[in-house]
Structures are given as structure tokens and as C-alpha cells.
Amino acid sequence: MARYRVGIIACGSIAGAHARGWRAVADDVELAAIADTNEEARTVFGEKWGVPPEKRYADFRQMLDTEKLDIVSVASWHTQHAPMTIAAAARKPKLILCEKPMATSLGDADDMITACKRNGVKLAIGHMRRFYSGWEIARQLVADGAIGKPRRVWSTVLEGLLNWGTHTIDGMRFVLGDPKPEWVLGALERKTDRYERATRIEDACAGLIGFAGGIEALVESDLTDWGSINFQIVGSDGVLDVDENNVRLMNAETGGWRTLEFEKNDPFAGQARGIVDWLDGKVEDYRGEATKARPTVEIMMALYESARRHEVIRMPLKTRVYPLDLLVESGHLPVEQPGRYDIRSFLVRGEQMTW
Ligand SMILES: NC(=O)c1ccc[n+]([C@@H]2O[C@H](COP(=O)([O-])OP(=O)(O)OC[C@H]3O[C@@H](n4cnc5c(N)ncnc54)[C@H](O)[C@@H]3O)[C@@H](O)[C@H]2O)c1
């Protein structure tokens, strides 16, 4: 029998990837229960992953109170990450795995960390790309000095800063060895009333991030009609193209681009294995731990706050709320084309177009 019982809150698209991850460590983790307000979601997910009807809950708090869960997966939309994580922490499981983005404000991120600390719960954030072999290899190359001293990072993402951008910013931090962010200069445009999974987002934005050690990173979001979650790092002695499935290195020894060969992997399985090893005490410094995700939230919020205040934000960021809400609700960013829409409305079941 597996040693850890997991319950998943919210049975949508990413919950399936969590279930796949937990199944990869089935000797250690058993999918014991699920919760979703939507009956169809509960039924479809329960049938697919073998969760019996009596273990499918409409109310996630009832699941938390009834089932003796060791692990809770929080796989709902962004604004629910903090309240669900805090509610789960109060029931003292051993660990909570919360999806990305960790939170939609720095205040929420800190509340999640505090609630987990207060209750002795480990908190992992689903920046599972840290488990892609391509990103692991890139991190090792940087640590080994393959490109000399990292100087500049460049990335072009789509579909909202909080959506893809959180993976990219977290990924570059991982590959660079988690350097401390020192300042952020940001700009954004919002002429339409755009949302992503019920969170207000920008039409487009860009941010320049200064990290300790003189590394600067440029993150663009929705400025182009092409993009990816991956990035390029330019160092004093070489260049690294970092893609989860394809890493290319150029330096004085390679004589042009060298593509590195490696086996492709499932990062959700890697994440699940990493979590079991963390619970078992085999790993002390878990790579997806919440305090490692917090700087990514801080950077994204600092980008918005820089656009709001027209100044460079020097860390630590002191604004606890979501700066984009402040900008819009203060009337400083009126939309030119009224009419709210959600770029993830296709996920919503039934008649609803948002939550
Ligand atoms: N790690 C990744 O690469 C990745 C990929 C996709 C999504 N995500 C993240 O996962 C989260 C969920 O996204 P998704 O695409 O799976 O959304 P989704 O819309 O497919 O699923 C959300 C589910 O939450 C349920 N729900 C809503 N309110 C609830 C409540 N109070 N209690 C229980 N269930 C409730 C809905 O009924 C729905 O089934 C987002 O924060 C997103 O950013 C991460």
C-alpha cells in the first residue's frame, strides 16, 4: 500500500497532469480523493483516474475534513490558489502542491507561505519545468562555466505574463542558479478588458530584470505573434539556447552551435518523484519549494508596479496587492474597447464564459 494519500482540488486540464505524475510514483502515492464544484468534471476525472464515486467531493473543504490526506494538489484557477492553499494548510497535510502562478499578489504568496509554516506543511509550487532534462542540463552547463559569466537573458512569451511568463521567469532563475532579483523596470499596454482564467491581465508587456551578479533579463509578453516559454542566455564566453527538449550551446570549443543529446522526460513525473524524495527526507532543498517561487511572483508584480509608478522598482517590492488592479481601478488605464473577455473562456464548462 502506498505511504502517502493525495487529494486533488479542481479536476480540470492540469489536474490530469498531476494525476499522471502521482501515478508515476504509485508505489509511494495513492490518488485517494478528488474535489470539484462541477459534477461533469468530477465524473470524467474520477472515471479516468479510478477514483470511486464516494471519494468525489463537490466541496473541497469537505474532502479535506473527511479524508486523511498527506498531500493536497491545488489545481484551480489563479485567484483560488491562496484561499485553497490556506484552507488546506489549516488541515495539516504533510505537503501541498499548488499550481502556477503561485499567487496573483505578493501578499497572497506570503500568506500561503505563512499558513504552511504555521501548520508545519511543506509547500511546493507547480513550476514543474524545473524538472525538464533540458533545463537541468542547461543549469549544469551554466554552473560549469560553459558560457562564462552569464550577462543577458532574452525571452518572448505569449498569453499573459502570469500564465507563460511565470514559467519563463522561474526557468531562467533556475538555470542561472536562482540569483536574487535586485530591480525591475516594466511597461505595459491594456487597451482591451483582457482576462486569463478570471484574472485581469495586460494586452502586452515587457520587463527588464536586474539580478545579482550583473545579469539582466528581458521578458516580453504578447508583443509578437510568436513565442515560447524557453529563453536564450548570453554569457561572457558563449551562448546557450534553453529549450525543454533541445539545448544548443555555442562557445570557443564547439566551433558553432552544438546541439546536446538527451532523453526527453515527463516533468510531472519528475515533480512527483521530487516531492516524495522531499517528504522522505532524501532531498532537503526541493527545487520547487514555495520560497523559490516567491521571487518569480515578486518580479511579475514589480513589472506591473513599475508601469504603475513610472519608476524602477528596487527589491524588496513593498506592494502587497495586484498592481494591475490598482492601475485599472484608479482610472489610470482606461480600456479603449470596452467588453470583458477571457482568453481561457474555452475551459469553462456549461453556459458560463468565466467564473
Ligand atoms: N504547470 C502548467 O504547465 C500548467 C498548465 C495549465 C494550467 N496550469 C495552471 O493550473 C491552474 C488550473 O488551470 P486549468 O487549465 O487546469 O483550468 P480548468 O478550467 O481546466 O480547471 C479548473 C477546474 O477548477 C474547478 N473549480 C472551480 N472552482 C472550484 C472550487 N471552488 N472547488 C473545486 N473545484 C473548482 C472547475 O470546475 C474546473 O474543473 C491554473 O492556475 C493554471 O495556471 C498550469
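The values are calculated or read from the model by the stated rules, or taken from the named source; none is laboratory data. The structure presented is a predicted model; accordingly, all values stated were derived computationally and were not measured. FYI the Cβ positions are ideal-geometry reconstructions off the backbone, even for glycines, and counts take in every protein chain you see.
Out of the residues in the stretch 1-32 meeting the condition of being within 12 Å of the ligand (Cβ to nearest atom) and free of Cβ contacts under 8 Å to residues at least 60 places away in the same chain, tell me which one is surrounded by the fewest Cβ atoms within 10 Å (Cβ to Cβ). If we take residues in the stretch 1-32 being within 12 Å of the ligand (Cβ to nearest atom) and free of Cβ contacts under 8 Å to residues at least 60 places away in the same chain, then GLY16 is surrounded by the fewest Cβ atoms within 10 Å (Cβ to Cβ).
For the subset of the stretch 260-284 comprising residues that are without any contact (Cβ under 8 Å) to a residue 40 or more places away in the chain and in contact with a helix residue (DSSP H, G or I) (Cβ under 9 Å, 6 or more places away or on another chain), which member is surrounded by the fewest Cβ atoms within 10 Å (Cβ to Cβ)? The selected residue is GLU284. Cβ-Cβ contacts under 8 Å between residues 6 or more apart (or on different chains), taken from a first residue in the stretch 159-179 that is at negative phi to a second residue that is among the acidic types (Asp, Glu) and more than 10 Å from the ligand (Cβ to nearest atom), are listed as LEU161/GLU202. Among the residues of the stretch 126-168 satisfying the criterion of being within 13 Å of the ligand (Cβ to nearest atom) and not in a helix (DSSP H, G or I), which is surrounded by the fewest Cβ atoms within 10 Å (Cβ to Cβ)? The extreme case among them is GLU159. Exactly one residue out of ALA32, ALA41, ALA15 is within 18 Å of the chain's Cα centre (by Cα) and not in a loop (DSSP other than H, G, I, E, B), and it is ALA15.
List pairs: first residue in the stretch 80-92 and more than 18 Å from ARG200 (Cβ to Cβ), second residue among the acidic types (Asp, Glu) anywhere in the structure, Cβ distance under 8 angstrom, at least six positions apart or on different chains. Listed by first residue and then by second, the contacts come to ILE86/ASP111; ARG91/ASP65. Residue count for the stretch 315-346 under the criterion of being surrounded by fewer than 14 Cβ atoms within 10 Å (Cβ to Cβ) and either farther than 19 Å from PRO101 by Cβ or within 16 Å of the ligand (Cβ to nearest atom) (or both): the result is 13. Mind checking whether some residue in the stretch 94-106 is in a strand (DSSP E or B), in contact with a Phe, Trp or Tyr (Cβ under 7 Å, 6 or more places away or on another chain), within 16 Å of the ligand (Cβ to nearest atom) and under 24 Å from VAL321 (Cα atoms)? The answer is no, given that none of the residues of the stretch 94-106 is in a strand (DSSP E or B), in contact with a Phe, Trp or Tyr (Cβ under 7 Å, 6 or more places away or on another chain), within 16 Å of the ligand (Cβ to nearest atom) and under 24 Å from VAL321 (Cα atoms). If only residues of the stretch 71-90 that are in a helix (DSSP H, G or I) and within 11 Å of the ligand (Cβ to nearest atom) are counted, the one that is farthest from ALA26 (Cα to Cα) is THR79. Listed by first and then second residue, the pairs with beta-carbon distance under 7 Å, at least 6 apart or on different chains, first residue in the stretch 45-60 and under 24 Å from ILE86 (Cα atoms), second at pLDDT 95 or above and part of a helix (DSSP H, G or I), are ARG56/ARG42; ARG56/GLY46; TYR57/MET63; PHE60/MET84. Selection of helices (runs of 4 or more DSSP H) fully inside the stretch 264-332 by the criterion of at least 1 residues being within 18 Å of the chain's Cα centre (by Cα) and over 30 Å from ALA24 (Cα atoms) returns 290-309.
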